[in-house]
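Peer 1: Structure below; questions to follow.
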Amino acid sequence: MLLIRIVTMLLGLMLGFLAGRGLATTQSEELGMVNTLSLMLAGMLTALLLAPRIEQGLMRFLGRLASWYARLSPRAVAAATFGLIVALLVSVLLSSLLRTVPFYTWIWNLIVTVVLGVFFVSFALRNAENFGLLAFPQVRRKPGSRLLDSNVIIDGRIVELLRAGFLDGELVVPAFILRELQTLSDHHDAQKRTRGKRGLAVLEDLRALRPLRIEDWDDPSLPTTDDKLIRLARESGARIVTNDNNLGKIARLHGVEILSIHEAAVALKPQVQAGDHLTVTISKGGQQKNQGVGYLEDGTMVVVEDAIRFRGKPTRVVVVNNVQTNVGRMIFAKLDGEEGAA
């Protein structure tokens with residue numbers, strides 16, 4: 001950063017000036033002035049050379065500080081604050097009792113305050129779990145927890161992952177996610193109502209396989225569900241299970257670990273090569289004239305040339321090309337020879 005380099009150069013300039021003024025006391029005025037200017041220039045140039053390394057070190061320190069701050073839990077902050085308050089109160093009490101002692105000066109009072117602060121703060125941090133009532137909002141920290149997003153619940157594939165044993169750790173469903181699913185299940189729009197009911201049914205299936213913990217946590221100051229989910233993950237130390245790519249990108253920027261069902265599916269998806277034969281049901285028209293669009297069982301979109309006339313029918317096609325996009329894989333195909341002749 002430019003500001004860091006400017007500050008570093010100013011510090012080098014100041015150190016050169018102080019060194020020059022120190023030498024000037026043993027030299028003539030003219031020689032002292034020349035030496036002072038030379039040392040100021042040397043200090044500024046030295047700072048200019050060292051500025052990139054200082055900048056890198058400072059940025060690493062700030063990054064570690066930000067990471068440490070992100071891992072702080074409300075209970076730890078409440079415990080440390082409580083310990084510091086007790087230390088200050090005890091220090092004031094001791095200073096009142098010992099004020100008549102001849103050797104007890106403000107220096108001893110400062111030392112006693114620091115010792116008490118270290119003792120009480122460290123003791124409170126070791127017992128931070130007992131300060132939950134002082135922290136708001138309260139979050140239970142448990143290593144290995146998995147926070148479930150509404151999208152991955154509605155998707156439903158998490159049930160099969162759980163049956164296969166590929167998803168370990170405690171499954172946690174935040175209360176605001178439950179409210180979102182309930183709102184969807186009561187929505188006037190039929191499609192959203194279906195999604196909400198499917199999400200609640202998936203939760204029933206998950207609960208039959210493994211106990212679910214409902215985290216009764218919320219922060220009304222956060223505007224969106226994604227913001228709340230990221231904050232809860234940061235404060236609880238849990239990973240987010242989702243198939244929302246945008247949520248995954250934002251969460252990673254905040255230092256939250258993501259388990260993406262979509263990324264796992266893409267990684268394990270068998271490769272479709274040009275020339276392979278597929279059977280798809282054309283469900284709608286494409287962007288180009290006479291194009292038909294169908295979907296494989298895993299949701300992969302298949303765009304077929306001249307296939308709109310087979311809408312609603314299983315159609316045999318030949319793969320021409322497949323493209324990986326941000327939202328998934330797209331397959332471009334043409335009608336099989338027999339289908340085209342028909």
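A short reminder: the numbers here are calculations on the coordinates, not readings from a lab. All figures in this text were calculated on a predicted structure; none of them were measured in a lab. When we count neighbours, we look across all protein chains shown, and the Cβ atoms used for this are built from the backbone with ideal geometry, even at glycine.
Peer 1: What translational diffusion coefficient, to the nearest whole µm²/s, does the range 238-279 have by Stokes-Einstein, given a Kirkwood radius computed over alpha-carbon pairs, a temperature of 10 °C and 1.306 mPa s viscosity? Provide the component values of the computation, followed by the final result.
Peer 2: Working: Rh = 12.0 Å.
It diffuses with D of about 132 µm²/s by this estimate.
Peer 1: Then there is this: Treating only the Cβ of Lys, Arg, Asp and Glu as charged (+1, +1, -1, -1), what charge dipole size does the chain show about its Cα centre? Round to the nearest 20 debye.
Peer 2: Working: 39 positive and 32 negative charges, 79 e Å.
Here the chain has a charge dipole of around 380 debye.
Peer 1: Just from the alpha-carbon atoms, what are the Rg and Dmax of the range 134-268 in angstroms?
Peer 2: 14.3, 46
Peer 1: Separate question: How big is the C-alpha Rg of the range 225-342 next to the rule-of-thumb value 2.2 N^0.38 Å, as a ratio? Don't skip to the end; give the middle numbers.
Peer 2: Numbers: Rg = 18.7 Å, N = 118, 2.2 N^0.38 = 13.5 Å.
Relative to the 2.2 N^0.38 Å estimate, the range 225-342 comes out at 1.39.
Peer 1: Here is a further query. Antiparallel as a % of all DSSP beta bridges within the chain, to the nearest 5? Mind showing how you got there, number by number?
Peer 2: Working: 20 of 37 bridges.
Once the DSSP bridges in the chain are tallied, antiparallel ones form about 55 percent.
Peer 1: Before rounding to the nearest 500, sum -39500 (n - 2.57) across all DSSP H runs of length at least 4 in the chain and divide by the residue total; then give [θ] at 222 nm in deg cm²/dmol. Write down the numbers at each step before the final one.
Peer 2: On the way: 12 runs with 190 residues, N = 342.
The helix contribution divided over the chain gives -18500 deg cm²/dmol.
Peer 1: How big is D, in µm² s⁻¹, for the chain by Stokes-Einstein at 20 °C and 1.002 mPa s if Rh is the Kirkwood radius over C-alpha pairs?
Peer 2: Numbers: Rh = 26.8 Å.
My calculation gives 80 µm²/s for D.
Peer 1: Treating only the Cα positions of the range 196-252 as identical point scatterers, give the base-10 log of I(q)/I(0) from the Debye formula at each q in 0.12, 0.25, 0.31 Å⁻¹.
Peer 2: The calculated log intensity ratios at q = 0.12, 0.25, 0.31 Å⁻¹ are -0.36, -1.18, -1.19.
Peer 1: Another question about this same structure. Rounded to the nearest 20 debye, what is the charge dipole size of the range 14-124 about its Cα centre when +1 sits on each Lys and Arg Cβ and -1 on each Asp and Glu Cβ? Write out the running numbers ahead of the final one.
Peer 2: On the way: 7 positive and 3 negative charges, 121 e Å.
So the dipole magnitude of the range 14-124 works out to roughly 580 debye.
Peer 1: Of K197/K284; K197/K249; K289/K313; K192/K289; K192/K334; K249/K284, which sit over 22 Å apart, Cα to Cα? Can you show the working numbers first?
Peer 2: On the way: K197/K284 26 Å; K197/K249 28 Å; K289/K313 19 Å; K192/K289 31 Å; K192/K334 34 Å; K249/K284 31 Å.
From the list (K197/K284; K197/K249; K289/K313; K192/K289; K192/K334; K249/K284), the Cα-Cα distance tops 22 Å for K197/K284; K197/K249; K192/K289; K192/K334; K249/K284.
Peer 1: Helix 175-185 versus the longest principal axis of the chain: what is the Cα-based angle in degrees, 0 to 90, to the nearest 10?
Peer 2: The angle comes out at about 30 degrees.
Peer 1: May I pose another question? Calculate, for L50 and R179, the FRET efficiency according to 1/(1 + (r/R0)^6) with r their C-beta to C-beta distance and R0 56 Å; round to the nearest 0.05.
Peer 2: For R0 = 56 Å, the calculated efficiency reads 0.55.
Peer 1: Relative to the longest principal axis of the chain, what angle (0 to 90°, nearest 10) does the C-alpha long axis of helix 29-71 take?
Peer 2: That helix lies at roughly 40 degrees to the long axis.
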